[in-house]
Amino acid sequence: MRRRTPPPPSPLPQRDGVDPVRVRLPAGDEWATVRDHLVARLAAGAGVIDAMLDAGRIVDGSGHPVPRDAAYVPGMFVWFHRELPDEERVPFTVDVVYRDEHVVVADKPHFLATTPRGSHVAETALARLRRELGLPTLGAAHRLDRLTAGLVLFTVRTEERGAYQSLFRDRRVSKEYEAVARYDAALDLPRTVRSRIVKERGVLAAREVEGEPNAVSRVELMEHRADGLGRYRLVPSTGQTHQLRVHMNALGVPVLGDPLYPVVTAPVPAGDFRRPLQLLARALEFTDPVTGAEHRFRSARTLAAWSSYGDWAGQ
């Protein structure tokens, strides 16, 4: 198998814990200049690209500013920093559960994205940890949804990241989640839910379709209360987008606070951190692929709807 040649190191430093954007000019395109390609490829618009070029904010592999008339060279890399959006600070801490020279295990709060994406860039668990721990090479081995709290594994050394990411790809990580949802006495649990889930680009909610199952989840009822709530243990053996949320909804007990299932609701205003999704990545277990150590971690967070439903619901 032919190995991919790794991209060259960035000539630009991180900014606020966020890497610069790297663009590789593809072969086969018929562009006269780098500028023409960037205008066509990026959504920023010609005026923005021209201003960035004129200000020297787009650089080549040597860190030299790319002039506006620079010839297009297939395979060439250029770098620049995106303009950071105005982000509402998520007023909850990212707690470090474990740290050694290879990995960092963090306990992420609700509402905080794992890695930069879309309108969430500097206000992400990765960017925060890079700044707070002084680890610019820190990278995520996997991701949790922004609305889901709990354990996330980060890698310290770039050259080791693939080994840890392969744990998740090859299903060599045991993951356990906890959720709060309505209690249904007629629901026969425990059970293993199998279905085929698809998530289309640009569509907020995933959906189940006919076909070979690609999503498997074990669902168990841990306890229930007289107020009609249940606390559930969820163990996924696959990792489809929104898998646990889709499966809980399919069972008729959607996770409390879910803005997508069973129906997509209007976005909440920025800065509204009430009623978080009641889903928590509770436990993470794996054999370290670098050191051979057996790791077992548990989140110290609690789900507010279970500990104090009135406070969570704003009653």
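Given a 1.4 Å probe and the protein chains all in place, what does the accessible area of TYR309 round to, in Å² to the nearest 10?
It works out to around 70 Å².
If you look at just the Cα atoms of the stretch 191-285, how large are its Rg and its Dmax in Å?
14.1, 41
Could you give the C-alpha radius of gyration of the chain expressed as a fraction of 2.2 N^0.38 Å, taking N as the number of residues it contains?
The reported ratio for this selection is 1.14.
Report the net charge of residues surrounding MET76, where surrounding means a beta-carbon distance below 14 angstrom and charges are Lys +1, Arg +1, Asp -1, Glu -1.
Result for the local shell: +1.
Would you kindly state how much longer the chain becomes between VAL263 and GLU200 on full extension, computed as 0.36 nm times their sequence separation minus their alpha carbon distance, in nm to one decimal?
21.1 nm
Counting other C-beta atoms within 10 Å, and keeping those with at most 15, which DSSP coil trypsin sites (Lys or Arg not before Pro) do you find in the stretch 4-99?
When the trypsin sites (Lys or Arg not before Pro) of the stretch 4-99 are filtered for loop state and at most 15 Cβ neighbours within 10 Å, ARG4, ARG68, ARG82, ARG89 remain.
Could you give the length gained by full extension between ASP16 and ARG157, i.e. 0.36 nm per residue of separation minus their alpha carbon distance, to one decimal place?
Using 0.36 nm per residue and subtracting the Cα-Cα distance, I get 48.9 nm.
When a/c reaches 1.5 or more, the comparison of a/b and b/c decides; with that in mind, is the stretch 74-145 rounded, prolate or oblate per its Cα gyration tensor?
It is oblate, given that a/c is not under 1.5 and a/b is not larger than b/c.
Report MET76's accessible area, 1.4 Å probe, all protein chains in place, as a number in Å² to the nearest 10.
40 Å²
Distance between the C-alpha centers of the stretch 75-146 and the stretch 157-205? Whole Å please.
21 Å
Rounded to the nearest 5, what % of the DSSP beta bridges within the chain are antiparallel ones?
Taking every DSSP beta bridge with both residues in the chain, the antiparallel ones total about 95 percent.
How much length is gained if the chain between ALA51 and GLU223 is pulled fully straight, taking 0.36 nm per residue apart and subtracting their Cα-Cα distance, in nm to one decimal?
Here the answer is 56.0 nm.
For the stretch 68-122, which whole percent of the accessible surface, found with a 1.4 angstrom probe, sits on carbon and sulfur atoms?
The nonpolar share, carbon plus sulfur, comes to 51 percent.
Can you tell me the dipole magnitude for the chain around its Cα centre, using point charges on the Cβ only (Lys, Arg +1; Asp, Glu -1), in Debye to the nearest 20?
It works out to roughly 520 debye.
Just to be sure I understand the model, the point goes 7 Å from the Cα along the line to the Cβ. What's the resulting ASP86 to GLU101 distance in nm?
4.6 nm
With a 1.4 Å probe and every protein chain left in place, tell me how much accessible area LEU138 has, in Å² to the nearest 10.
Using a 1.4 Å probe on the heavy atoms, I get roughly 0 Å².
Heavy-atom accessible area per residue, the stretch 231-296, 1.4 Å probe: how many Å²?
Normalised by residue count, the accessible surface of the stretch 231-296 is 44 Å².
Tell me what the chain gives for mean residue ellipticity at 222 nm when only DSSP H runs of n ≥ 4 count, each as -39,500 (n - 2.57), the sum divided by the residue total, rounded to 500 deg cm²/dmol.
Roughly -4500 deg cm²/dmol at 222 nm, from the helical runs in the chain.
How large is Rg over Rh for the stretch 94-195, taking Rg from the Cα atoms and Rh as the Kirkwood inverse mean of 1/r across Cα pairs?
Ratio value, two decimals: 1.05.
The values are calculated or read from the model by the stated rules, or taken from the named source; none is laboratory data. Just so we're clear, the structure is a prediction, and the values are computed from it rather than from any experiment. Every residue, glycine as well, gets a Cβ built from its backbone with ideal geometry; the counts of neighbours run over all protein chains shown. What goes into the accessible areas is simple: the full protein's heavy atoms, side chains included, and nothing from ligands, DNA or RNA. Shrake-Rupley method; radii C 1.70, N 1.55, O 1.52, S 1.80 Å.
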